[in-house]
Amino acid sequence: MDYDQTAAAAVYDRARAYGRDAETLWRRVVVDSVAGVDVQTVLDLGCGTGRYSARLADWLSADIIGVDPSTTMLDRARRNVSSNRVRFVSGPAEDIPLPDGGVDLVFISMALHHFRDRGAAVAECRRVLRPEGRLCLRAGTTDQSLRYPYLPFFPEAGTLWNSTLLSAEATRSCFEEGGFRQIEHKIVESRVADDWPEFAKKIALRADSTLIQLDDEAFERGLADLRAYSDTPDAVGPVIEPIDCFVFDRNDLAADETSATA
C-alpha cells in the first residue's frame with residue numbers, strides 16, 4: 001500500500017508505541033542476532049517513521065541508514081530522530097540506493113509484506129550486505145494469524161492478512177532462494193499494550209496497514225466490538241503480539257556452487 005495516500009504517518013508512532021518491557025525485549029533480540037559480527041553500519045529497510053532507527057544506533061553503537069519509499073513517513077522520521085548517527089534516504093526495497101557490500105546488518109521490521117517484488121528486494125538486501133553480515137527480520141506470518149489480538153474483532157482483516165502475508169516456511173524459502181541461509185527463527189511474544197482498553201485506543205488510531213484497507217463500516221464495527229470486549233472481565237492484560245523473528249546470513253557457499261555449475 002502507499003502510505004503517502006493515508007494519514008498514517010501522523011499517528012503511527014502513538015499507535016505503535018512501546019513500553020519499557022517490549023523495548024528491552026527487542027534490544028536483546030536484535031543484539032543477539034548479530035552476536036560475533038562487527039556491526040558498524042546498519043540498513044533499516046522500510047524504516048517508516050524511524051521508530052527503530054535511533055534505537056538501533058543506541059543498541060548497536062552503529063551508524064544507521066533508514067530507507068523507505070514514503071515521503072510522509074520519512075518526513076516524520078526526520079522530525080523524530082536527531083541523532084547524528086542516523087540518516088534517512090528515499091528509495092524502494094527493490095532498488096536500494098546504497099553501494100554493494102556496504103552494510104553489516106539489514107534490519108527489516110514489519111515491512112516485508114509491503115515489498116512489491118519480494119524476490120528483487122531480497123536480492124538487493126544480499127547485494128548491499130557484506131559477506132559476513134546478517135539480516136534480521138521482524139514479520140507477521142499466516143502461521144500466527146489466529147493469535148494476533150485484533151483479528152478476532154475484524155474478520156475482514158483476517159482475509160487481507162492471509163492474502164498478504166507469508167507463512168514462516170514461505171518466508172524462509174523466499175530468502176534462501178535469494179542467496180541467504182536461515183540461522184534462526186523464533187516467535188517473540190511482544191507486549192503491545194498493558195491492558196485491553198489501552199490496546200483499543202491504539203487500534204482506534206488506525207495506523208495498521210491492514211486496518212487502513214478496510215472500509216469505514218467494517219473498521220468501526222470491529223472497533224466497537226473490541227471496545228466492548230475491553231470492558232469485560234475476560235479482557236485481562238497485557239496484550240501480546242506473536243512476532244516471527246528470523247535471522248539470516250549470506251549463503252555464499254551455495255552461490256559459489258551455483259556459479260561453478262553454471
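Among the conditions (1) part of a helix (DSSP H, G or I); (2) closer than 29 Å to Arg134 by Cβ; (3) in contact with an Asp or Glu (Cβ under 9 Å, 6 or more places away or on another chain); (4) touching a residue at least 40 places away in the same chain (Cβ under 8 Å), the only one that Val192 does not satisfy is (1). Residues that are surrounded by fewer than 20 Cβ atoms within 10 Å (Cβ to Cβ) and either free of Cβ contacts under 8 Å to residues at least 40 places away in the same chain or in contact with a Leu (Cβ under 9 Å, 6 or more places away or on another chain) (or both) within segment 224-235 comprise Ala224, Arg227, Ala228, Asp231, Thr232, Pro233, Asp234, listed in sequence order.
Against the condition of a type in the set (D, E, K, R), touching a helix residue (DSSP H, G or I) at 6+ places or on another chain (Cβ under 6 Å) and modelled with pLDDT of 95 or more, how does Asp68 come out, does it pass?
On the way: of a type in the set (D, E, K, R): yes; touching a helix residue (DSSP H, G or I) at 6+ places or on another chain (Cβ under 6 Å): yes; modelled with pLDDT of 95 or more: yes.
Judged against the criteria, Asp68 is a match.
Filtering Arg85, Arg51, Arg76 for residues that are basic (Lys, Arg) and modelled with pLDDT of 95 or more leaves a single hit, Arg85. Beta carbons closer than 8 Å, at least 6 apart along the sequence or on distinct chains, pair a first residue in segment 145-173 that is more than 21 Å from Lys186 (Cα to Cα) with a second that is in a loop (DSSP other than H, G, I, E, B) and open to solvent by less than 40 Å² (accessible area, probe 1.4 Å) for Tyr150/Asp208; Phe154/Leu214; Glu156/Leu214; Ala157/Tyr150; Ala157/Leu214; Leu160/Leu214. For segment 19-50, the tally of residues that are over 13 Å from Cys136 (Cα atoms) and out of contact with any strand residue (DSSP E or B) (no Cβ under 8 Å at 6 or more places or on another chain) stands at 5.
Taking segment 56-107 as the range and being of a type in the set (Val, Ile, Thr), under 13 Å from Asp44 (Cα atoms) and out of contact with any Pro (no Cβ under 8 Å at 6 or more places or on another chain) as the test, the residues that pass are Ile64, Ile65, Val86, Ile96, Val103, Val106.
Every test in (1) of a type outside the set (A, V, I, L, M, F, W, C); (2) open to solvent by 40 Å² or more (accessible area, probe 1.4 Å); (3) under 25 Å from Asp117 (Cβ atoms) is passed by Arg206 save one, and that test is (3).
Tell me yes or no: at least one residue of segment 130-145 is among the basic types (Lys, Arg) and in contact with a helix residue (DSSP H, G or I) (Cβ under 9 Å, 6 or more places away or on another chain). Before the answer, list the steps.
Taking segment 130-145 and keeping what is among the basic types (Lys, Arg), we get 130, 134, 138.
Cutting the leftovers down to in contact with a helix residue (DSSP H, G or I) (Cβ under 9 Å, 6 or more places away or on another chain) gives us 134, 138.
The answer is yes; a qualifying residue exists.
The values are calculated or read from the model by the stated rules, or taken from the named source; none is laboratory data. What you see is a predicted model, and the numbers here were worked out from it, not measured in a lab. Glycine also receives a Cβ, built like all others from the backbone with ideal geometry; neighbour counts cover every protein chain displayed. With ligands, DNA and RNA removed, areas are computed over all heavy atoms of the protein, side chains included. Shrake-Rupley method; radii C 1.70, N 1.55, O 1.52, S 1.80 Å.
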